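The values are calculated or read from the model by the stated rules, or taken from the named source; none is laboratory data. Keep in mind that this is a model prediction, so the values were computed, not measured. All Cβ positions, even for glycine, are placed from backbone atoms using ideal geometry, and neighbour counts span all protein chains on display.
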There are 2 protein chains.
Amino acid sequence: MNNINVTPIGVIHSSLKSLDDCPLQGNEGAPEALVEIHAPYAEALQGVQAGNKILVITWLHAADRSVLKCYPRNETTAPYVGVFATRSPDRPNPLGLHPVKVMEVLDGNQLRVHPLEALDGTPVVDIKPDISAR
Amino acid sequence: MNNINVTPIGVIHSSLKSLDDCPLQGNEGAPEALVEIHAPYAEALQGVQAGNKILVITWLHAADRSVLKCYPRNETTAPYVGVFATRSPDRPNPLGLHPVKVMEVLDGNQLRVHPLEALDGTPVVDIKPDISAR
């Protein structure tokens, strides 16, 4: 199969303005953030409610797609392994998976969520219920 | 942000040859499958081992990307909701998330995994450790 064309369905608004500010995982002190769904896709959000546990899937646009091996969690004393054995953002297709709780739904197209470690301006590509959290 | 170009890093080989054969979730009787990683990305698999719990992320190429609302699990007695409130494959960006166990690593670029509900020929776009399974 040839290349796949993914359309951003929304964007992250966050107080995290640089990569140095971002924790490695959401549960390591990440703040609340606002997930804004673009107007053509707002209808697809119906049924998502405060209290739901969801997976926000992002495109980590600041990542280096040429990286195939890395030190997990940037610890150079750890084994140097393939990126598919890690959660490094640097990988051929830098998809971010963020398990978060919906705190509030605003204006039918914005979700206030917690905790989210993604950078301000990160494109959102999908949202799913977090089945593993049930 | 404009459209995003995702490159398939592998492909699913499965006994599931038609959508009618596919269970709705992997844990609903899905078979083993083989995840073949294309040669340029095989190095990124180093460190993935038999026994690991991983997330295989696919592109559900047979999905209908125009669908914004649906009946969850095709049950028309359920509320008609937005696709982001469901795990329906029909959605603007049909990414599939498959939590599986690695049964065996073959030839350095193939993973025998269980259970996987994706169709034979489904493109693979990413692999990550399944943190929620720890």
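Taking the criterion of being within 8 Å of chain B (Cβ to nearest Cβ), in contact (Cβ under 8 Å) with a residue 40 or more places away in the chain and in contact with a helix residue (DSSP H, G or I) (Cβ under 7 Å, 6 or more places away or on another chain), the only residue of segment A:47-69 that qualifies is A:VAL48.
Checking B:SER18, B:SER14 one by one, the residue that is at pLDDT 95 or above, more than 26 Å from A:GLY96 (Cβ to Cβ) and hydroxyl-bearing (Ser, Thr, Tyr) is B:SER14 and no other. Scanning segment B:61-79 for residues that are among the β-branched types (Val, Ile, Thr) and surrounded by 15 or more Cβ atoms within 10 Å (Cβ to Cβ) yields a single hit, B:VAL67.
Here B:ARG87 qualifies as among the charged types (D, E, K, R), within 22 Å of A:ASN93 (Cβ to Cβ) and within 7 Å of chain A (Cβ to nearest Cβ). Among the conditions (1) in contact with a Lys or Arg (Cβ under 7 Å, 6 or more places away or on another chain); (2) part of a strand (DSSP E or B); (3) surrounded by 19 or more Cβ atoms within 10 Å (Cβ to Cβ), the only one that A:VAL102 does not satisfy is (1).
Which is hydrophobic (A, V, I, L, M, F, W, C) and farther than 22 Å from A:VAL124 by Cα, of B:VAL6, B:VAL83, B:VAL11, B:VAL67?
B:VAL11
Can you pull out the residues in segment B:17-60 that are more than 25 Å from A:ALA85 (Cα to Cα), of a type outside the set (Asp, Glu) and surrounded by fewer than 21 Cβ atoms within 10 Å (Cβ to Cβ)? Residues satisfying the conditions are B:LYS17, B:SER18, B:LEU19, B:PRO23, B:LEU24, B:GLY29.
Listed conditions (1) closer than 30 Å to B:PRO72 by Cβ; (2) more than 10 Å from chain B (Cβ to nearest Cβ) are all met by A:LEU16, apart from (1).
Looking at the structure I just gave you, is B:PRO92 within 11 Å of another protein chain (Cβ to nearest Cβ) and assigned to a strand (DSSP E or B)? Taking the combined requirement at face value, the residue does not satisfy it.
Each row is one residue, and each column tells you yes or no for (1) outside any loop (DSSP other than H, G, I, E, B); (2) not charged (D, E, K, R).
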position: B:VAL11; (1), (2): yes, yes
position: B:ASP20; (1), (2): yes, no
position: B:VAL35; (1), (2): yes, yes
position: B:ALA42; (1), (2): yes, yes
position: B:VAL48; (1), (2): no, yes
position: B:VAL56; (1), (2): yes, yes
position: B:SER66; (1), (2): no, yes
position: B:ALA78; (1), (2): no, yes
position: B:PHE84; (1), (2): yes, yes
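If the condition is being assigned to a loop (DSSP other than H, G, I, E, B) and crowded, with 19+ Cβ neighbours inside 10 Å, then segment B:105-129 contributes B:LEU116, B:GLU117, B:ALA118, B:LEU119, B:THR122. Taking segment A:77-100 as the range and being within 17 Å of A:ILE9 (Cα to Cα) and either out of contact with any strand residue (DSSP E or B) (no Cβ under 6 Å at 6 or more places or on another chain) or hydrophobic (A, V, I, L, M, F, W, C) (or both) as the test, the residues that pass are A:PRO94, A:LEU95, A:LEU97.
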